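The values are calculated or read from the model by the stated rules, or taken from the named source; none is laboratory data. Since we're looking at a predicted model, the values are computed, not measured. Cβ placement follows ideal geometry from the backbone for every residue including glycine, while neighbour counts extend to all protein chains displayed. For the accessible areas, the whole protein counts, side chains as well, though only heavy atoms, and no ligand, DNA or RNA atoms are used. Shrake-Rupley method; radii C 1.70, N 1.55, O 1.52, S 1.80 Å.
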Amino acid sequence: METNSRYELRDDQWERLVHLLPPERTGKKGRPAHDNRNMVNAMLWINRSGAPWRDLPATYGSWKSVHTRFRRWRELGIFERILEQLANEPDEESRMIDATHVRVHQHAAGAKGGASQAIGRFRGGLTTKVHAIVDALGNPLRFRLTPGNFADCTIGYDMLASMDLRGRIVIADRGYDTDRILNLLQEQQATAVIPSRLHRRVQRETDWWVYKERHLVECLFNKLKNYRRLATRYDKLAASFSAFLSLAAIVLWLA
């Protein structure tokens with residue numbers, strides 16, 4: 001099986017990423033570490049193709065070596081740390097929040113503790129819900145994973161509460177129209193562009209022109225699901241699925 005260069009990093013992308021990765025040489029005795037760039041490209045191939053680790057093309061080297069590097073970086077939080085550093089200068093005008101369901105493959109449903117691995121039953125099947133916050137240009141800033149049957153507004157509040165929203169516009173759909181979220185935004189002097197739920201007696205006015213910008217977070221989910229390992233969850237561990245999610249988001253920032 002041949003590699004696909006479309007999945008690999010360009011030279012300019014690698015130049016921005018190389019200094020954020022752990023060093024290839026640690027000074028310890030033993031066999032030399034494999035090239036970081038080749039390792040990242042191998043992980044991207046797995047992420048884009050959705051193939052099992054054992055099907056990694058031989059041109060990338062041993063799949064066990066790549067998997068070991070991925071697991072080590074996952075445990076150290078390397079992917080999340082890199083995403084945080086790349087996203088340190090977002091467009092500050094607004095924040096958009098939304099969530100999407102990812103169907104869980106039967107091979108991913110065997111880990112102990114479904115809820116603790118962000119797997120839950122929703123509409124007849126097992127799903128994982130990906131919650132995301134993006135900046136005014138649709139660039140990913142934060143992710144959270146929950147079982148598919150968790151309410152958007154519950155996790156949405158926690159995510160928004162962890163951010164500085166002063167003076168910003170927060171755009172979300174009706175699923176986030178709760179008094180708790182609205183009070184939070186008011187306390188932070190943020191402008192809420194969130195349509196009222198139909199059951200509210202007093203319907204708030206909504207700037208529908210600004211609300212149209214919410215499509216950017218939907219576009220983010222579409223881009224992420226171009227990675228087949230994210231369109232369908234094959235990983236038993238939520239930590240692994242989250243690491244692949246961060247890896248895809250890193251590439252979006254490098255594009």
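Brief remarks follow.
- Cα extents for segment 186-255 along the principal axes, largest to smallest and rounded to whole angstrom: 44, 28, 24.
- The chain: angle of helix 36-49 to the longest principal axis, Cα-based, in degrees nearest 10: 60
- Whole-number D in µm²/s for segment 52-188 (Stokes-Einstein; Kirkwood sum over Cα pairs; 10 °C, 1.306 mPa s): 92
- Beyond 22 Å, the tail of the calculated P(r) for the chain holds 58 percent of the Cα pairs.
- Simple label model, 7 Å out from Cα along Cβ direction - Gln186 to Asp55, nm: 5.3
- Taking label points 7 Å from Cα along the Cα-to-Cβ direction, Ser5 and Arg197 give a separation of 5.4 nm.
- Viscosity 0.692 mPa s, temperature 37 °C, Stokes-Einstein D of segment 151-216 from Kirkwood C-alpha radius, µm²/s: 271
- Taking the C-alpha atoms only, the angle from helix 63-76 to the longest principal axis of the chain is near 40 degrees.
- Nearest-0.05 FRET efficiency for Met163 and Val210, computed from C-beta distance (R0 22 Å): 0.70
- Value of [θ]222 nm, deg cm²/dmol, for the chain, DSSP H segments ≥ 4, -39500 (n - 2.57) each, nearest 500: -11000 deg cm²/dmol
- Solvent-accessible area assigned to carbon and sulfur over the chain amounts to 47 percent, based on a 1.4 Å probe.
- Candidates Val193, Val210, Val130, ranked by Gaussian network fluctuation over the chain, Cα under 10 Å, top entry: Val210
- In this structure segment 57-185 gives 47 Å² per residue of accessible area when probed at 1.4 Å with all protein chains present.
- Secondary structure note: in segment 100-255, about 75% of the DSSP beta bridges are antiparallel.
- Where Glu93, Glu205 fall by accessible area, highest first, once all protein chains stay in place (1.4 Å): Glu205, Glu93
- For segment 43-133, the list of trypsin sites (Lys or Arg not before Pro) that fall in a loop by DSSP and count at most 11 other C-beta atoms within 10 angstrom reads Lys112, Arg123.
- Based on C-alpha pairs under 8 angstrom that are at least 6 apart in sequence, the chain has a relative contact order of 22 percent.
- In this simple spin-label model, placing a label point 7 Å from the Cα along the Cα-to-Cβ direction at both Trp14 and Ser62 gives a separation of 2.3 nm.
- With bins 5 Å wide beginning at 0, the percent of Cα pairs of segment 115-255 falling in each bin runs 2, 9, 18, 20, 20, 15, 11, 5, 1, 0.
- Cut-off under 5 Å, modelled amide H: who pairs with Ser94 long-range: Ala136, Ile169
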